Amino acid sequence: MTKKRGLLIVISGPSGVGKDTLIERLLELDSNLRYSVSCTTRPPRPGEVDGVDYSFVSRERFQQLIDQGAFLENATYNGNLYGTLTERVERERDAGHDVVLKIEVQGAEQVRAKAPDGVFIFIVPPSVDELVRRQVKRNTETSQDMTARRLIAMREMEYASRYDHVVVNDELERAVAEVLAIIRQARSSQT
Ligand code: 5GP
């Protein structure tokens with residue numbers, strides 16, 4: 001029997017909502033999931049590893065990749081470029097793995113146009129106050145950068161209704177279980 005092609009799972013949500021931790025847990029709990037490592041022109045944060053968190057590239061290299069048509073989607077976020085390489089995603093899906101993309105809303109729109117059979121999940125905070133608390137706690141950005149990210153977050157929340165599923169990250173394990181249930185449901189209804 002030929003192996004089923006993997007699912008494309010798109011996870012979006014405002015900065016500070018806890019997407020990173022949630023995705024880490026998903027990957028720990030489900031061995032068929034693979035994380036799509038994006039390219040970005042943003043400088044690495046302390047502790048981020050090239051090739052694991054992101055492929056950190058120059059603007060010139062990013063532009064070359066755009067010109068080559070290498071991206072499934074790409075977008076600008078807070079002045080930096082981010083993109084998903086088609087080849088990485090397709091290789092994993094062909095091997096039967098379900099691929100998780102952690103991308104912002106403009107990129108998700110591009111993926112939806114190309115792959116309407118993807119599973120689109122939007123993560124929201126229990127409240128905006130909580131989001132701000134989490135952003136402050138993370139403390140990796142300058143205050144100017146944080147203000148910009150907060151404004152983007154407010155705008156991003158308006159996109160939630162365009163997603164197939166909206167999951168409230170009120171309690172990590174509960175939210176993880178809900179996302180896993182969505183993924184398993186999508187797998188079982190795959191043709
Ligand atoms: P951060 O700088 O906090 O790592 O990411 C900023 C935003 O860019 C987040 O919403 C993150 O999900 C998004 N992002 C990360 N990689 C990609 C990508 O490849 N494409 C798009 N469109 N957004 C991305």
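The values are calculated or read from the model by the stated rules, or taken from the named source; none is laboratory data. Quantities reported herein were computed from a predicted structural model and do not represent experimental measurements. With ideal geometry, Cβ positions are generated from the backbone for all residues, glycine too; neighbour counts draw on all protein chains shown.
Looking at region 113-139, which of its residues are assigned to a helix (DSSP H, G or I) and touching a residue at least 24 places away in the same chain (Cβ under 8 Å)? Of everything in region 113-139, those that are assigned to a helix (DSSP H, G or I) and touching a residue at least 24 places away in the same chain (Cβ under 8 Å) turn out to be Lys114, Val128, Leu131, Val132, Arg134, Gln135, Arg138.
Checking the conditions here, which among Gly96, Gly69 is touching a residue at least 60 places away in the same chain (Cβ under 8 Å), in a loop (DSSP other than H, G, I, E, B) and surrounded by fewer than 17 Cβ atoms within 10 Å (Cβ to Cβ)? Give the derivation first.
Details: Gly69 fails: touching a residue at least 60 places away in the same chain (Cβ under 8 Å).
Result of the check over Gly96, Gly69: Gly96.
Taking the conditions (1) within 15 Å of the ligand (Cβ to nearest atom); (2) not in a loop (DSSP other than H, G, I, E, B) in turn, Pro44 satisfies each one other than (2). Taking each residue of region 34-62 that is touching a residue at least 40 places away in the same chain (Cβ under 8 Å) and looking for partners that are part of a loop (DSSP other than H, G, I, E, B) and within 11 Å of the ligand (Cβ to nearest atom) with beta-carbon atoms closer than 6 Å, six or more apart or interchain, yields Arg45/Thr140.
Ser143 fulfils the conditions (1) crowded, with 16+ Cβ neighbours inside 10 Å; (2) modelled with pLDDT under 95; (3) polar (S, T, N, Q) except for a single criterion, (1). Being assigned to a helix (DSSP H, G or I) and farther than 22 Å from Glu28 by Cα, is that true of even one residue in region 163-177? Scanning region 163-177 turns up no residue that is assigned to a helix (DSSP H, G or I) and farther than 22 Å from Glu28 by Cα.
Going by what's in this entry, would Phe62 be described as within 12 Å of the ligand (Cβ to nearest atom), of a type in the set (Phe, Trp, Tyr) and more than 18 Å from Leu8 (Cα to Cα)?
Judged against the criteria, Phe62 is a match.
Can we say Glu28 is modelled with pLDDT of 95 or more, within 16 Å of the ligand (Cβ to nearest atom), outside any strand (DSSP E or B) and among the acidic types (Asp, Glu)? No: the conditions fail for Glu28.
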